[in-house]
Amino acid sequence: MSDCIFCKIIAGEIPSKKIYEDDELLAFHDVNPAAPLHFLVIPKKHIPNIMELDEADAPLMGKLLFKGQELAAELGCAEKGARFVINCKSDGGQTVDHIHLHVLGGRRMAWPPG
Ligand code: 5GP
Ligand code: ZN
């Protein structure tokens, strides 16, 4: 989508601190980190939010979650863990309408979220 920030990051039109890229996925550091480690994993396919997933997207989302796990482990979270979050639409606190997995680590997270 032409007006989507994350599609522009995928296209290289907006710079990002990339962590990982393949044909289907991109991972990059969040520009406004909420933890010592805070990165996003996104599909290259523009899916606006989790409510708009099709069943056919399930393998892609499985790969996305597994890549989040692999990268979190590589970046030092294997022992203590991390917070894996997908915000959805207004009540979920989503601000960028291109589905993304947040991975937050390096500190103890609170629950429930505010
Ligand atoms: P949401 O609130 O939609 O779940 O999360 C969007 C996230 O994207 C926020 O944590 C925000 O800091 C991050 N973000 C927004 N614009 C950019 C950008 O241009 N570059 C990067 N790296 N992160 C961004
Ligand atoms: Zn997009």
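Pairs under 9 Å by beta carbon, first residue in contact (Cβ under 8 Å) with a residue 60 or more places away in the chain in the stretch 75-97, partner exposed (fewer than 13 other Cβ atoms within 10 Å of the Cβ) and in a loop (DSSP other than H, G, I, E, B), six or more apart or different chains?
What qualifies is ASP97/MET1.
Give me the pairs: first residue in the stretch 46-73 and among the aromatic types (Phe, Trp, Tyr), second residue in a helix (DSSP H, G or I) and surrounded by 12 or more Cβ atoms within 10 Å (Cβ to Cβ), beta-carbon distance under 9 Å, and six or more apart or on different chains, which are they?
Final answer for the pair search is none.
How many residues does the stretch 60-114 contain that are open to solvent by 100 Å² or more (accessible area, probe 1.4 Å), in a loop (DSSP other than H, G, I, E, B) and within 16 Å of ligand 1 (Cβ to nearest atom)?
Residues flagged as open to solvent by 100 Å² or more (accessible area, probe 1.4 Å), in a loop (DSSP other than H, G, I, E, B) and within 16 Å of ligand 1 (Cβ to nearest atom) within the stretch 60-114 amount to 3.
Name the one entry in GLU70, GLU55 that is over 25 Å from MET109 (Cα atoms) and among the charged types (D, E, K, R).
After applying the criteria, what remains is GLU55.
Rundown of residues vs (1) closer than 19 Å to ASN32 by Cβ; (2) under 17 Å from the mean Cα position of the chain (by Cα), yes/no style:
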{"site": "LYS63", "(1), (2)": "no, yes"}
{"site": "GLY68", "(1), (2)": "yes, yes"}
{"site": "ALA82", "(1), (2)": "yes, yes"}
{"site": "VAL96", "(1), (2)": "yes, yes"}
{"site": "LEU101", "(1), (2)": "yes, yes"}
{"site": "GLY114", "(1), (2)": "yes, no"}
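The values are calculated or read from the model by the stated rules, or taken from the named source; none is laboratory data. Values in this document were obtained by computation on a predicted structure and should not be read as measured data. With ideal geometry, Cβ positions are generated from the backbone for all residues, glycine too; neighbour counts draw on all protein chains shown. Quick note on the areas: whole protein, heavy atoms, side chains included, nothing else; ligands and nucleic acids left out. Shrake-Rupley method; radii C 1.70, N 1.55, O 1.52, S 1.80 Å.
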